[in-house]
Amino acid sequence: NINNITIAGNEIHGAMNSEGISIYGIGTSPVNNVRIISNRIHDLALRGEIEAMPINGNVSNFQIIGNSGYKLQNLFIDVIGGEEKGPSGRDQPFGGTIAYNFADGVSSKSNPNYNSYSAAGIYSDGGRDLNIYGNYIRNSDFGIEIASEHAGIDSSNVRAHGNILERSAVAWVKLGYVGGVQNSVVNNNLVIGDSINKIEREGQIGADVYVRANDSTSDRNKVSKLPAEIMALLK
């Protein structure tokens, strides 16, 4: 019964083979009401399959707001289900808000365990009931990824809206993988420096998954309209 946790205002950098901030829900009761707010995580050598900020297993009602991650050799924010960190049937984070975070230079290309472009700024890897909005992700392999690496665990009921995705190396959004994605929408995002059609799809993608009403421009200096979610923050 771990509840009501706030991790805020920290700077984490320079570590080798170590996650920055991680929440693991391993019990039958979820780790509940977690707030990760306004932390800076940068210059981490994330070798192997570790990430900068994983939320893994039986975790509920979490908020990841106003954090920045840059110069990272693997994923920045990763919501993970299906890795058997939580008990059977409860091994999936749910009810999360990921908003107003900044990511720059998130790439696994220099990671010797990958040597390829496979890291996302924000990744739902089998999470459900997630609201992802108002984030600014640039110079990452993928901007936002909604998928699952485990059969039988889908990312579901995920909404990614009002984000800015700039100069993604592979695709500004990736959908699906070994598991899949269901009942999700990617809409009203602004794509800078990439084609609006630069989308990667793989594996099981439900008929109720939509990518629509997104805008694109070739250069940030040509941006004439920001997403409503960003404008609300400015106001």
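The values are calculated or read from the model by the stated rules, or taken from the named source; none is laboratory data. Here the structure is a predicted model, which means the values were calculated and not measured. Glycine also receives a Cβ, built like all others from the backbone with ideal geometry; neighbour counts cover every protein chain displayed. Accessible surface areas use protein heavy atoms only, side chains included; no ligands, DNA or RNA. Shrake-Rupley method; radii C 1.70, N 1.55, O 1.52, S 1.80 Å.
Pick from segment 192-235 the residues that are in contact with a helix residue (DSSP H, G or I) (Cβ under 9 Å, 6 or more places away or on another chain) and hydrophobic (A, V, I, L, M, F, W, C): which of them is most open to solvent (accessible area, probe 1.4 Å)? Going through the qualifying residues, I end up with LEU226.
Against the test of being in contact with a strand residue (DSSP E or B) (Cβ under 6 Å, 6 or more places away or on another chain), in contact (Cβ under 8 Å) with a residue 12 or more places away in the chain and part of a loop (DSSP other than H, G, I, E, B), the options SER195, SER140, SER156, SER124 yield a single qualifying residue, SER140. Of the residues making up segment 167-192, those that are outside any loop (DSSP other than H, G, I, E, B) and either touching a residue at least 60 places away in the same chain (Cβ under 8 Å) or polar (S, T, N, Q) (or both) number 3. Of the residues contained in segment 130-137, none is found to be more than 17 Å from the chain's Cα centre (by Cα), closer than 29 Å to ASP91 by Cα, in a loop (DSSP other than H, G, I, E, B) and of a type outside the set (Asp, Glu). Exactly one residue out of ILE55, ILE65 is open to solvent by 30 Å² or more (accessible area, probe 1.4 Å), under 25 Å from ALA169 (Cα atoms) and under 13 Å from the mean Cα position of the chain (by Cα), and it is ILE65.
The requirement of being open to solvent by 20 Å² or more (accessible area, probe 1.4 Å), of a type in the set (Asp, Glu) and closer than 24 Å to ALA160 by Cβ is fulfilled somewhere in segment 15-31, by at least one residue.
Within segment 206-229, is even one residue modelled with pLDDT of 95 or more, within 18 Å of the chain's Cα centre (by Cα), among the aliphatic types (A, V, I, L, M) and outside any loop (DSSP other than H, G, I, E, B)? There is at least one residue in segment 206-229 that is modelled with pLDDT of 95 or more, within 18 Å of the chain's Cα centre (by Cα), among the aliphatic types (A, V, I, L, M) and outside any loop (DSSP other than H, G, I, E, B).
Table: residues versus (1) open to solvent by 10 Å² or more (accessible area, probe 1.4 Å); (2) closer than 28 Å to GLY9 by Cβ.
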{"position": "SER88", "(1), (2)": "yes, no"}
{"position": "GLN92", "(1), (2)": "yes, no"}
{"position": "GLY96", "(1), (2)": "no, yes"}
{"position": "PHE102", "(1), (2)": "yes, yes"}
{"position": "SER110", "(1), (2)": "yes, no"}
{"position": "TYR114", "(1), (2)": "yes, no"}
{"position": "ALA120", "(1), (2)": "no, yes"}
{"position": "GLY127", "(1), (2)": "no, yes"}
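Take segment 73-95 and flag every residue that is of a type in the set (Asp, Glu) and assigned to a loop (DSSP other than H, G, I, E, B). Those that are of a type in the set (Asp, Glu) and assigned to a loop (DSSP other than H, G, I, E, B): GLU83, GLU84, ASP91. When LEU165 is tested against (1) open to solvent by 60 Å² or more (accessible area, probe 1.4 Å); (2) of a type outside the set (Gly, Ala, Ser); (3) within 25 Å of ILE55 (Cα to Cα), just one condition goes unmet, and that condition is (1). Flag: LYS109 does not match the condition of being under 17 Å from HIS150 (Cβ atoms), in contact (Cβ under 8 Å) with a residue 40 or more places away in the chain and of a type in the set (Lys, Arg).
Listed by first and then second residue, the pairs with beta-carbon distance under 9 Å, at least 6 apart or on different chains, first residue in segment 11-22 and touching a residue at least 40 places away in the same chain (Cβ under 8 Å) and closer than 14 Å to ARG40 by Cα, second among the charged types (D, E, K, R) and open to solvent by less than 60 Å² (accessible area, probe 1.4 Å), are GLY20/GLU51.
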